[in-house]
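A.B. asks: The structure under discussion is supplied below as structure tokens; questions concerning it will follow.
No value in this document is a laboratory result; all are computed from the given coordinates. Just so it is clear, the model here is predicted, and its values are computed rather than measured. Note: ideal-geometry Cβ built from the backbone for every residue, glycine included; neighbour counts use all protein chains shown.
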Amino acid sequence: MAFRAVILLRIDLMIFGIGGAMKFAFAIRILSAFACLWLLAGSATAQGGELVAAEWGVKGSSVDVTARVRTFVHDGVLQLEVTRFNLGIDPAPHRNKDLIIRVRHWDGDVMEYNYPERSTVNLELDPEEGYVRRDADDRHEDHERRERRLQIVRAYYGAEGQFMNVTDALRSRIDDGRLYLRVDNATMGGDPLPGARKWLRVLYFYDGSRRNIVVDEKTELRLP
């Protein structure tokens, strides 16, 4: 993709007759932008999910490092630099390897995240013991009212692997057991991926059951 963009850039510059020095400087800026995007892709943050598997190596020579990767999960966040030292093995010496992590999200879909060697993994995952309702031990409140209370468990806003945790933002907007808001950068408190169409994924408890919903950017969220 980057190669194609450079070719198109070269053609455009020839057509408009820009001088050699200007062409060189402009090309450098474009290539730098592509490099930044590539680096960002290597450190993408995903919304919550269950770690299913982790595989490390190259095509035809890879090993399962799921157990090793789990040791880097702390307080629901997986963070590590992808190196043979951290992963404890080098299945393909002197070759550039990849760490492939598979995460099962709330809707059951399994997403695959690819991290090149020497990049950084930053994934927010579900706790190993699962989610527990915050009022599970509250014995002083009417049972029926407690069952029907709306509780936001986790909420993420973004796209293409770049997500913001907006759980607290949504919890603060609950009014009289209901949540109604327009999903956009302003209400979510930021833009995790400028220029891309984003969506909001919410995991919540209501009426005694765990539910999830996905809402596109610039549309309305109504719960329950």
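A.B. asks: Roughly speaking, what is the stretch gain from Asp216 to Arg118, that is 0.36 nm per residue apart minus the C-alpha to C-alpha distance, in nm to one decimal?
C.D. replies: Gain on extension, Asp216 to Arg118, equals 31.9 nm.
A.B. asks: So which trypsin sites (Lys or Arg not before Pro) in region 171-224 are both in a DSSP loop and have at most 12 other Cβ atoms within 10 Å of their Cβ?
C.D. replies: Sparse-neighbourhood loop trypsin sites (Lys or Arg not before Pro): Arg197, Lys218.
A.B. asks: Ok, one more. Just want the ordering: Trp106, Trp56, Trp199, from fewest to most Cβ atoms lying within 10 Å of their own Cβ.
C.D. replies: Trp199, Trp106, Trp56
A.B. asks: Along the Cα-to-C-beta direction of Ser172, a point sits 7 Å from the Cα; which residues of region 196-224 have their amide N less than 16 Å from that point?
C.D. replies: None, by backbone N distance to the label point.
A.B. asks: In nm, what is the difference between 0.36 nm times the number of residues separating Ser209 and Arg182 and their Cα-Cα distance?
C.D. replies: 7.3 nm
A.B. asks: Normalised by the residues of region 50-124, what does the relative contact order come to in percent, with Cα pairs under 8 Å and at least six apart?
C.D. replies: 37 percent
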